[in-house]
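Any read-out appearing in this document is the output of simple, stated calculations on the displayed coordinates, not a laboratory observation. Source: prediction; values computed, not measured. As a convention, Cβ positions derive from the backbone with ideal geometry for all residues, glycine included, and neighbour counts pool all protein chains shown.
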Amino acid sequence: MVRMRKKVLMPLFLILMLLAIPAYAQCPYEGRTVTLKAPAVSVTSTGELVGVPTDFIITVAPGSGHVYVETWPLTQVDMQASARLAAEVAGRVLGVDMSKYDVFIQVKADSPIIGGPSAGGTMTVGIIAAIMGWDIRKDVMMTGMINPDGSIGPVGGILEKASAAHQAGAKIFLIPEGQRIQVVTESKSRQIGPITQITTTQRKVDVVKYAQERWGLKVIEVKDIYDAVYYFTGHKLERPKPRTNVIINTSFLESEAKKDYKETEDYYNEIKRKLAESDVGYSTYSYLKAALDDASRTLKMAEDSLNQEKYYTAMSLDFQARIIIRHVDWYIDVYEGKDIDDIFSEVKDEIKSVENYVSNLTIKGVTMLQTVAASETRIEEAKEYLKEAEASYYNQDYWNAVGNAAYAYERAKTAELWAKLGEKFAGKTVISRDAIKKAARDQLDNAKLIVMYITSMFGEQNLKDLVDLLNKGEEYYEDGKYSAALFSAMEARIRGEVILDTIGIENVSVLKDKLSMMKEDAKNAIGLAQEGGTLPLLSIAYYEFAESYEAKGDLQDIITAMVFYQYAKETALVFQEWKVKVGNTSEVISSPIVTTTTTTSSTTTSTTTTTTTQLPSTSICGPGILLLLPLLALIRRR
């Protein structure tokens, strides 16, 4: 009987060990663990948002670059992409190769939470503190997304989260810079006989004053992860800044802009004569003449921009004028008997020619990556407008059919221009297709997380344009246009962040304060890129374009300027490496976590002395343990 039991136990023991191996691979053998609290938002059965204190238990251990996330209860919006980005940013900030570490994040709350990216900043702080062995203050909590550049991005539900921070015993609550003023919508109902009258009003709340008066909670706005780390740990990480004064201009476009203006002006004069000599009737002539007058005014604005050395703005205005001029040109042709299918064929040939040219380019350097991405997105936009033109023609709407065809043709021309600029300013280092593909996938995942987060609070039907933009990025990715996918995802994420940052704010002065901060950030990012040996053409162009909207000063123009300043910043930092200092010490920080040996050791840095913690070798976690439990019971029964 004893021999039979041994025969049964041996194979079961072997199975047990085999199952333990993969489970063990997902567990930290040695490393450091920190625990932070963060406020989250939960939705009640009545649809009301309430704040919920949430525990984040973060362990960093030697590994191979994996990030494991466990949430309980499950979050409404997945946090995996936010956790991956947090690890990536932590590595960049510290100059640490995160492919040598695994990160384990446990998220625990008392009720289901929305989740998503709003704890990204907190997770990044936790990962940095775990790597460095720094203690975390227990009386500090934070809400805010982490962006790829290390900035703390805007979130929703800040008042509810302030309440959760107070409940958890926090004395300091960190929020994203620029979100001090929150807009609260209040509804009051009044019964008038059989009729219920509902009145909705909006009220601005200063979160800093409100939280201090009500709970004695100190609310502090933080700009980026460098600020956040200081408040949580007391350690200062020096943020990267350009060493010299940054001068931004689009002089690299001067020759192209002057040539473009001259050609557009000549085209305008040619079509003006063509209209005068045409056989169109009075009403058609008047209509086309009004369109050309509009083009003339746009050309005058382009000329003014040239004189101000705003070359990208001038070229953008030329583009707008040429669309109108070509629209008039081709409409006269159709009126006088030209087959509109011939126009469509001309547009298709132009798009195909440019697409073939761009697809055969080898991307050398970040500058060329930017310009090729600009080309690819413009080619796809041209295709979409051509489809719109064909649909209008099918519906016998000839005016819009010709107008959309004109836009598609001119858009393809601008795609060619950007591609040629890329070749002109190409670097020496080839950026591999796989690297661009990975960067695009990461950006798409981050954008998707933010879009899901926003739509979970405000509804997808109210944000259709944002969802469509993200879907377009996914289509580019599926078609293998990774440069276009990368920048489309970036655009979707930025637009989502600006929505969160500006929703409900109608005070122009408040928006201008936010705008000035974004402008300075964009300027610094461009400066860092230039010092790193990159001429960020697209970023500089976006910066100048943002300035043109900023100058107009209207509320919507300010928001548009915000978007373009954010574009400028983000595109400048694509594929840029970061450098960091602790105080005035070395640029690369040493982590006390040992990645080459399993023995206990200690490492001294300029700011702290710490010792590696080693977990027991019998520790098992992850899903594998769930499979082992029934077998253990079976052994006992035997």
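Couplings 3J(HN,Hα) for segment 531-536, derived from phi with the Karplus relation 6.51 cos²θ - 1.76 cosθ + 1.60 (θ = phi - 60°), are 5, x, x, 10, 9, x Hz, where x marks Gly and Pro. Based on alpha carbons, the Rg and Dmax found for segment 287-375 are 17.1, 49 Å. Note on segment 231-299: the C-alpha convex hull projects to 10.1 nm² when averaged across all orientations. Each peptide among 275-287, 478-490 gets the average number of other Cβ atoms lying within 10 Å of its residues, and from highest to lowest they stand as 478-490, 275-287. A dipole drawn for segment 315-435 from +1 and -1 charges on Cβ atoms has a positive end, and of Leu417, Asn400, Gln320 the residue lying farthest that way is Leu417. Distances between placed amide hydrogens fall under 5 Å for Ile146 paired with Gly120, Gly121, Gly153, all partners being 5 or more residues away or on another chain. From most to least packed by mean Cβ count within 10 Å, the peptides 227-237, 465-475, 421-431 give 227-237, 465-475, 421-431. With bins 10 Å wide beginning at 0, the percent of Cα pairs of segment 381-424 falling in each bin runs 33, 38, 19, 9, 1. Backbone geometry of segment 391-406 corresponds, through the Karplus equation with coefficients 6.51, -1.76 and 1.60 at θ = phi - 60°, to 3J(HN,Hα) couplings of 5, 5, 5, 4, 8, 6, 9, 5, 4, 6, 4, 5, x, 5, 5, 4 Hz, x marking Gly and Pro. Close amide H partners of Glu221, meaning residues 5 or more places away or on another chain with modelled amide H under 5 Å apart, are Ile175.
Placing a pseudo-label 7 Å from each Cα along the Cα-to-Cβ vector at Ile192 and Asn507 gives an inter-label distance of 3.2 nm.
Modelled label positions at Ser345 and Leu535, each set 7 Å beyond Cα in the direction of Cβ, lie 4.1 nm from each other. Oblate is the label for segment 402-502, because a/c, from the alpha-carbon gyration tensor with a ≥ b ≥ c as root eigenvalues, is 1.5 or above and a/b does not exceed b/c. If R0 is 56 Å, the Cβ-Cβ spacing of Asp135 and Asp554 corresponds to a FRET efficiency of close to 0.70.
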